[in-house]
Amino acid sequence: MKIHIQNGRVIDPMNARDEVTNLFIAAGKIVGIGQPPADFHANRTLDASGLIVCPGLIDLSVRLREPGYEYKATLESEMLAAAAGGITSLACPPDTDPPLDEPGLVEMLKFRAKNLPGPRVYPLGALTQKLEGKQITEMAELTEAGCRAFTQADAPMTDTNVLLRAMEYAATFGFSLWLRPQDVSLAHGGVAHDGAVASRLGLPGIPALAETVALATILQLARETGARIHLMRLSTRDGIAMVRAAKAQGLAVSCDVAATHVHLSENDLVGFDSNLHLCPPLRSLRDRDAIREALRDGSIDALCSDHTPVDEDEKQVPFGESAPGASGVELLLPLTLKWAREMGVPLMRALDLISWKPAQILGVVGGNLSLGSCADICIFDEHADWVVTSKSLYSQSDNTPFLNHPMQGRVRYTVIDGHLDFESAR
């Protein structure tokens, strides 16, 4: 399909472009910016007047729930939800059933995803077999099958020697490890941030130390081995300070944070809403404000949705007994825009956190609108007002802390590899 996107405000962080212009797409590539190439005849013209045209969003944590958890969500539903959120590429954690610890499972997931409309799917391989934290997987074989990096997701890694060997192996072959710092012993049994709110509500706490103690170990091992580490979903002020210092010392580390943690804190738990049971937990206001500032000053490299569909029955129970996680792939863009407006951050810098920077972390195509680059494009109305309801979400799961909350900013079109994969009808 040849597509002409006309009169949109084109914002491309990688190329520092911010202007009202036209884009021309053919054979899955951007073949013209401003002026069409010779003999270009569009099959479809998208009027983007008054809309933002930016690189397709890249989400570093989207659980598609297949294989094994189809009762929570299906590949079809979550791929559509991602496209509706402007996502054109996503990283899929390995905590499926069975986990993505064998090449055949990775190849099956990629084959299924490739034959469905929606984003490019980049699986993350299991760091250890069955995510048990005991024996590292065949990373080379998993890489050949299509894995972009290796992680335990939220499964604990209790043996530091196994982590050391994994880092040594990864450093030798240039693989990237994605780790979420949480000391399993300090976090054991906790469901909320260990502070005054959890004490008042009678909820078992997870101290900030659970993050910083684990982070100290990871950074020391990274320093020793030279492994490339991406730190997933930081949640504490002290953790951010440690990563900031590690970067200043030249360590090959990057980090992200979940969009929910940019806007919510432990104070929001007072209603015992199980949709606020997240992993890591919502922290103190001080931690939340540190996250917001670290995003502004560049200490945090990327924002992700941490999309985790949960079955309704697992949320319709008391807070402490509920399953952690929230649906968020369709809210990544509006929550990023909300943070940018509140912090006075230019739109280009905000979009950088969900496009070009995550593309670099994941090491994939996309995240830019350069001439000749792949035509992965998000077109959205930054001023569109809407309310988050089960009917306004395409995801099979509506377990979000923002249910019935007003949002501003909504995707109108999502173009993936030159195909119009999503067009808003709502």
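The values are calculated or read from the model by the stated rules, or taken from the named source; none is laboratory data. Since we're looking at a predicted model, the values are computed, not measured. Positions of Cβ are backbone-derived with ideal geometry, glycine not excepted, and every protein chain shown enters the neighbour counts. When the accessible area is computed, the model is the full protein with side chains, heavy atoms only, and any ligands, DNA or RNA have been set aside. Shrake-Rupley method; radii C 1.70, N 1.55, O 1.52, S 1.80 Å.
With the structure loaded, tell me whether Lys110 is more than 14 Å from the chain's Cα centre (by Cα) and on the phi > 0 side of the Ramachandran plot or whether it fails that test. Taking the combined requirement at face value, the residue does not satisfy it.
Taken together, the residues in the range 250-289 that are under 26 Å from Ala227 (Cβ atoms) and either among the hydrophobic types (A, V, I, L, M, F, W, C) or not in a helix (DSSP H, G or I) (or both) amount to 11.
Residues in the range 376-390 that are in contact with a strand residue (DSSP E or B) (Cβ under 8 Å, 6 or more places away or on another chain), open to solvent by 40 Å² or more (accessible area, probe 1.4 Å) and within 16 Å of Phe402 (Cβ to Cβ): Asp385, Val387.
Mind listing just one residue for me: the one in the range 343-359 that is surrounded by fewer than 20 Cβ atoms within 10 Å (Cβ to Cβ) and in contact (Cβ under 8 Å) with a residue 40 or more places away in the chain and, of those, farthest from Thr143 (Cα to Cα)? Among residues in the range 343-359 that are surrounded by fewer than 20 Cβ atoms within 10 Å (Cβ to Cβ) and in contact (Cβ under 8 Å) with a residue 40 or more places away in the chain, the one farthest from Thr143 (Cα to Cα) is Met343.
Scanning the range 236-251 for residues that are touching a helix residue (DSSP H, G or I) at 6+ places or on another chain (Cβ under 7 Å) and over 19 Å from Asp289 (Cα atoms), we see that the one that is surrounded by the fewest Cβ atoms within 10 Å (Cβ to Cβ) is Leu251. From the list Asp18, Asp12, the lone residue that is at pLDDT 95 or above, surrounded by 13 or more Cβ atoms within 10 Å (Cβ to Cβ), acidic (Asp, Glu) and in contact with a Leu (Cβ under 6 Å, 6 or more places away or on another chain) is Asp12. Here Ser199 fulfils each of the conditions (1) assigned to a helix (DSSP H, G or I); (2) in contact (Cβ under 8 Å) with a residue 12 or more places away in the chain apart from (2). In the set (1) among the β-branched types (Val, Ile, Thr); (2) open to solvent by 10 Å² or more (accessible area, probe 1.4 Å); (3) at pLDDT 95 or above, the condition left unmet by Val365 is number (3).
Conditions tested, residue by residue: (1) at pLDDT below 95; (2) within 18 Å of the chain's Cα centre (by Cα).
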site: Ile361; (1), (2): no, yes
site: Ser370; (1), (2): no, no
site: Asp385; (1), (2): no, no
site: Ser390; (1), (2): yes, no
site: Tyr413; (1), (2): no, no
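On inspection, Gly174 passes the criterion of being open to solvent by 10 Å² or more (accessible area, probe 1.4 Å) and either at positive phi or in contact (Cβ under 8 Å) with a residue 60 or more places away in the chain (or both). Inspection of the range 146-157 identifies at least one residue that is modelled with pLDDT of 95 or more, in contact with a His (Cβ under 9 Å, 6 or more places away or on another chain) and β-branched (Val, Ile, Thr). Within the range 304-317, none of the residues are touching a Cys at 6+ places or on another chain (Cβ under 7 Å) and on the phi < 0 side of the Ramachandran plot. Return the residue satisfying two criteria in turn: it lies in the range 27-65 and is over 25 Å from Gln360 (Cα atoms) and touching a Gly at 6+ places or on another chain (Cβ under 9 Å), and of such residues it is surrounded by the fewest Cβ atoms within 10 Å (Cβ to Cβ). Among those residues, the one meeting the criterion is Ser49. Test Gln135 against the stated conditions and say whether it is at pLDDT 95 or above, open to solvent by 70 Å² or more (accessible area, probe 1.4 Å) and in contact with an Asp or Glu (Cβ under 6 Å, 6 or more places away or on another chain). Answer is no for this residue.
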